[in-house]
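Taking it in order: structure first as C-alpha cells, then the write-up.
A short reminder: the numbers here are calculations on the coordinates, not readings from a lab. No experiment lies behind these values; they were computed from the predicted model shown. Quick reminder, even Gly has a Cβ in these numbers, built from the backbone with ideal geometry, and neighbours come from all protein chains shown.
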Amino acid sequence: MSNRVPLAERMRPQKLDEVVGQDDIIGDGKILTEIVRKQEPVNIIFWGPPGTGKTTLARIIAREFKAEFIEISAVTNGKKDVERVIEIARQNWNLKLRTVLFVDEIHRFNKAQQDAFLPHVESGLITLIGATTENPSFEVISPLLSRSRVVVVNALSKESICEVLRRAIKAEKATKRVTKKAIDYLAELSGGDARSALGDLELALSLSEKVDVDQVREAAGRKVPGYDKQGDAHYNNISAFIKSMRGGDADAALYYLARMVQAGEDPKFIARRMVVFASEDIGLAGNGALGLALNAFMAIERVGMPEGGIILSHVAVALAKAKKSRETYDGWARAQELASRTMGLPVPIWLRNASTKLMADLGYGKGQKWEAGFHLDKNYLPDEIKDEKIL
C-alpha cells in the first residue's frame with residue numbers, strides 16, 4: 001500500500017501569491033489580499049465550482065492569521081463534531097489563539113445545524129469559512145449570510161489550468177515526458193477544475209513514459225460534466241440556452257443544448273422550455289413556432305434519446321432563427337395587471353348572455369347580431385376602462 005501524497009495535494013498553494021486564476025479576489029486592493037493585510041478576521045462563504053481552490057484559500061487565510069485551522073465536512077460530520085470544535089475553540093480563546101473553522105459543503109447542513117454556528121460567530125469565538133458549490137442565497141441561512149462575506153471563486157480558465165499543469169510537470173521533473181497538446185487536452189477536459197486536471201495528469205504519468213493526447217484520453221476516461229440537475233449549472237445552462245435563442249444565435253443555442261444533453265438533462269424539460277419560448281419570444285411573428293415546439297415535445301416522448309437530440313437541435317435552430325415578437329407576452333402581462341385592478345367592473349350588458357327571459361328583459365345581449373359580422377363600433381371593455389390599450 002502506497003503512502004504517496006496525491007499530486008493535487010502536493011501542488012496545493014501555500015500563499016496567496018501562488019494561487020492561479022483568481023485575480024478578481026487576490027491582488028492589490030482585492031478582498032482576500034486586504035483581509036490578510038489588515039489581519040482582521042472575517043467570516044467568509046466561498047462560492048464556486050469544485051477544484052477552484054476554496055479549501056486552499058481557507059487554509060492560507062488561517063495560516064496568515066496564525067490560527068488553528070479545523071476542517072469539517074457537512075457531508076460526513078454532525079452536531080457532536082461541531083460541539084467538539086467549539087470546545088477546542090474555547091480552549092484556544094483562553095490561550096489567545098484564533099480558531100478558523102472551515103465547513104466544506106456548508107449548504108448540506110440544515111437550518112438548525114447552521115443556526116448552531118451563529119452565537120459563536122457573533123462572539124468571535126470562531127472565524128467561520130464555508131465553502132459551497134450551490135448559490136448561498138438559497139442554501140445558507142440569512143443570519144449567517146448577513147454576518148459573512150460571500151466571495152465568488154471562479155472556475156479556472158484553460159490558460160490557468162495549463163499554468164497549474166506546467167508547474168506540476170516541472171515539480172515532477174517530467175517536462176520532456178508530456179506534450180503541449182496533452183497539456184491543452186488535460187485543461188479542456190478539466191472543466192475549470194484544477195484538482196481533476198492534476199488527477200488526470202498523475203494517472204497519465206503513471207501509465208506511460210510519454211504522455212500524449214491518447215494517453216490523456218485513456219487516463220481520463222469519459223468525463224462526467226460538472227452539472228447538478230438541481231443546482232446552479234442546471235439553471236445557468238437553460239438560461240443561456242433560452243437567451244441564445246432569444247438573441248438569434250443558433251450556434252450558441254446548439255452549444256448549450258449539447259452541454260445539457262451530455263450532462264443528462266431531462267430532454268422533456270428542454271422541450272417544455274422551448275414550447276414556452278415559442279409563445280413568449282416568437283409569438284405573432286411566427287405562429288407556427290408553437291406547433292413546432294409542441295410537436296418536438298411529443299416526438300421526444302415517443303422517440304426518446306439519443307435520437308431525440310436531433311429533434312431538439314432541429315427545433316432549437318428553427319426557434320433561434322425565427323423572427324421574434326413579444327407583443328402577446330407583454331400584452332398578457334398588462335392584461336393580468338389590469339384585470340387584477342378592475343376585477344369588480346361589470347361586463348358590458350350587451351356582451352352578456354341572455355339565457356333567461358328575465359335577462360333578456362333586462363337588456364342582456366341587446367343589439368347582438370353576430371350573423372351580420374363583428375360589432376366594430378362597440379366597446380368590448382367595461383366602460384370605466386374602455387380606452388385602455390393592452391396590445
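In plain terms, the chain from M343 to L358 could stretch by 2.9 nm, reckoned as 0.36 nm per residue minus the Cα-Cα distance. A crude spin-label estimate for the pair A258 and E122, with each label 7 Å from Cα along the Cβ direction, gives 5.3 nm.
At a Förster radius of 51 Å, what calculated FRET efficiency corresponds to the Cβ-Cβ distance of R90 and R4, to the nearest 0.05? Could the numbers behind the result be given before it?
Working: r = 37 Å, r/R0 = 0.73.
Once the sixth-power term is evaluated, E becomes 0.85.
Counting every pair of alpha carbons in the range 1-112, the share spaced more than 17 Å apart comes to 62 percent.
Kindly flag which residue pairs out of K54/K181; K158/K180; K15/K54 have an alpha-carbon separation exceeding 19 Å in this structure. Can you show the working numbers first?
Working: K54/K181 28 Å; K158/K180 13 Å; K15/K54 13 Å.
Check vs 19 Å cut-off fails for K54/K181.
Going toward the positive end of the dipole of the chain, with +1 on Lys and Arg Cβ and -1 on Asp and Glu Cβ, which of P143, M359, V347 do you reach last? Ranked along the dipole, the leading option is P143. Loop sites here are GluC sites (Glu not before Pro) outside DSSP states H, G, I, E and B with no more than 15 other Cβ atoms within 10 Å. The longest part of the chain free of them is 1-208. Along the axis of the charge dipole computed for the range 22-152 (Cβ charges of +1 for Lys and Arg, -1 for Asp and Glu, origin at the Cα centre), the listed residues N92, G124, N77 are led at the positive end by N92. Net charge dipole, the chain: roughly 400 debye, given to the nearest 20, about the Cα centre with Cβ charges of +1 for Lys and Arg and -1 for Asp and Glu.
Would you calculate a helix-derived [θ] at 222 nm for the chain, using -39,500 (n - 2.57) for each DSSP H run of n ≥ 4 and dividing by the full residue count, to the nearest 500?
Working: 19 runs with 195 residues, N = 391.
My calculation for the chain gives -15000 deg cm²/dmol from helical runs alone.
When the Cα atoms of the range 119-238 are aligned to their principal axes, the ranges along those axes come out at 55, 37, 21 Å in descending order.
For Cα Rg over 2.2 N^0.38 Å, the candidate list reads (1) 0.92; (2) 1.41; (3) 1.11; the entry that matches the value derived from this model is (2).
Each label was represented as a point 7 Å from its Cα along the Cα-to-Cβ direction; for S146 and K38 these points are 2.0 nm apart.
In the range 232-321, the inverse of the mean reciprocal separation of distinct Cα atoms equals 12.6 Å; this is its Kirkwood hydrodynamic radius. Counting neighbouring beta carbons within 10 Å and listing from fewest to most, the residues T56, T342, T175 come out as T175, T342, T56.
Figure the gain on full extension for A171 and K268 (residue separation times 0.36 nm, minus the Cα-Cα span) and round it to one decimal in nm. Don't skip to the answer; put the middle values down first.
Details: separation 97, 0.36 × 97 = 34.92 nm, distance 4.80 nm.
Gain in length upon complete extension: 30.1 nm.
Principal axis extents of the Cα atoms in the range 238-391, from largest to smallest and rounded to whole angstrom, are 67, 30, 28. Separation of the range 163-212 from the range 266-335 is 42 Å, based on Cα centroids. Using 0.36 nm per residue and subtracting the Cα-Cα separation, the extra length available between T179 and E384 on full extension is 66.1 nm. Between the helical axis of 327-341 and the longest alpha-carbon principal axis of the chain there is an angle of about 80 degrees. Taking only the Cα atoms of the range 158-220, the radius of gyration and Dmax are 9.8, 26 Å.
What ranking do I242, I349 get, fewest neighbouring Cβ atoms within 10 angstrom at the top?
Going from least to most buried by this count: I349, I242.
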